[in-house]
Amino acid sequence: MNEKTFYNEILTDHNLHPGNKHDIPDANLVLEGVNPSCGDDIILKLKVVDGVIRDGGFTGDGCAVSQASADMMLDLVIGKTEAEAKRLADIFFRMIKGNITEEEREELEEAGILKDIAHMPARVKCAVLGWHTMEEMLNGNAEPVTTEDK
C-alpha cells in the first residue's frame, strides 16, 4: 500500500468514525477554536486532573482534515500530562513546517500522516486547529482562538 492510500484511509476513518467527537460533561477546560478561512469550528473539552489529561472530546463542524486531526490529537494526548501534550503539539507544529526528525514524527503516531499537509497551504490551518486550540487552552487562554494568525 502506498503512503498516499494509507494517508487517505486513516484520514477518512478518523473523519467518518471519530472516536473522540462527543461531549465531555465534566470537562474542566473548554475552548472554542475557529478557522475562518475554511469554516471549521470546534469546541474542545478536556478533563485534566492533577496535571494529567484524563479525558477529552470535541464537538462542532469542519472539513475532513480538521475533524480527523482533532480526533488523532485526542487519541494521542489522553492519558498524557499537560507538559507532554504541549510537547507533542510543538512537534506537530514543527512537523507541519517540515522541521522534525523521523523519531519525532513517530511520536505523533497516526497524526504523523499529516506531515505532507505543508504542501497544501489551504489545509494547514485545518490541520492545526485542534492542536492550536489545545495549546492555548493548556496555556490558560479562555478566549476563543482562531487560526487566522497561524
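The values are calculated or read from the model by the stated rules, or taken from the named source; none is laboratory data. If you're wondering where the values come from, they're calculated on a predicted model, not measured in any experiment. Methodologically, a virtual Cβ is constructed for each residue, glycine included, from the backbone with ideal geometry; neighbour enumeration extends over all protein chains shown. SASA here: full protein model, heavy atoms, side chains in, ligands and nucleic acids out. Shrake-Rupley method; radii C 1.70, N 1.55, O 1.52, S 1.80 Å.
If residue 24 passes every condition in (1) part of a loop (DSSP other than H, G, I, E, B); (2) of a type outside the set (Phe, Trp, Tyr); (3) open to solvent by 10 Å² or more (accessible area, probe 1.4 Å) but one, which one does it miss?
Residue 24 satisfies all of (1) part of a loop (DSSP other than H, G, I, E, B); (2) of a type outside the set (Phe, Trp, Tyr); (3) open to solvent by 10 Å² or more (accessible area, probe 1.4 Å) except (3).
Name the residues in the stretch 27-61 that are open to solvent by 30 Å² or more (accessible area, probe 1.4 Å), modelled with pLDDT of 95 or more and either among the β-branched types (Val, Ile, Thr) or touching a helix residue (DSSP H, G or I) at 6+ places or on another chain (Cβ under 7 Å) (or both), would you?
Correct list: 29, 30, 34, 43, 49, 59.
So residue 69 fits all but one of (1) within 18 Å of residue 8 (Cα to Cα); (2) more than 11 Å from the chain's Cα centre (by Cα); (3) modelled with pLDDT of 95 or more; (4) not charged (D, E, K, R); what number is the exception?
Looking at each condition in turn, residue 69 falls short on (2).
Just to check your reading of the model, which residue among 75, 116, 71 is part of a helix (DSSP H, G or I), open to solvent by less than 50 Å² (accessible area, probe 1.4 Å) and touching a residue at least 24 places away in the same chain (Cβ under 8 Å)?
After ruling out the rest, the residue left standing is 71.
For the stretch 42-57, check the following and say yes or no: at least one residue is assigned to a loop (DSSP other than H, G, I, E, B) and closer than 19 Å to residue 129 by Cα.
The answer is no; no qualifying residue exists.
I'd like to verify a number: residues in the stretch 103-131 that are under 21 Å from residue 83 (Cα atoms) and more than 13 Å from the chain's Cα centre (by Cα), how many?
Number satisfying all stated conditions: 5.
What number of residues within the stretch 78-111 are on the phi > 0 side of the Ramachandran plot and not in a helix (DSSP H, G or I)?
Looking only at that region, the number is 2.
Of the residues in the stretch 87-113, how many are crowded, with 21+ Cβ neighbours inside 10 Å and of a type in the set (Phe, Trp, Tyr)?
Counting residues in the stretch 87-113 that are crowded, with 21+ Cβ neighbours inside 10 Å and of a type in the set (Phe, Trp, Tyr) gives 1.
Can you name the number of the only condition in (1) in a strand (DSSP E or B); (2) open to solvent by 50 Å² or more (accessible area, probe 1.4 Å) that residue 12 fails?
(1)
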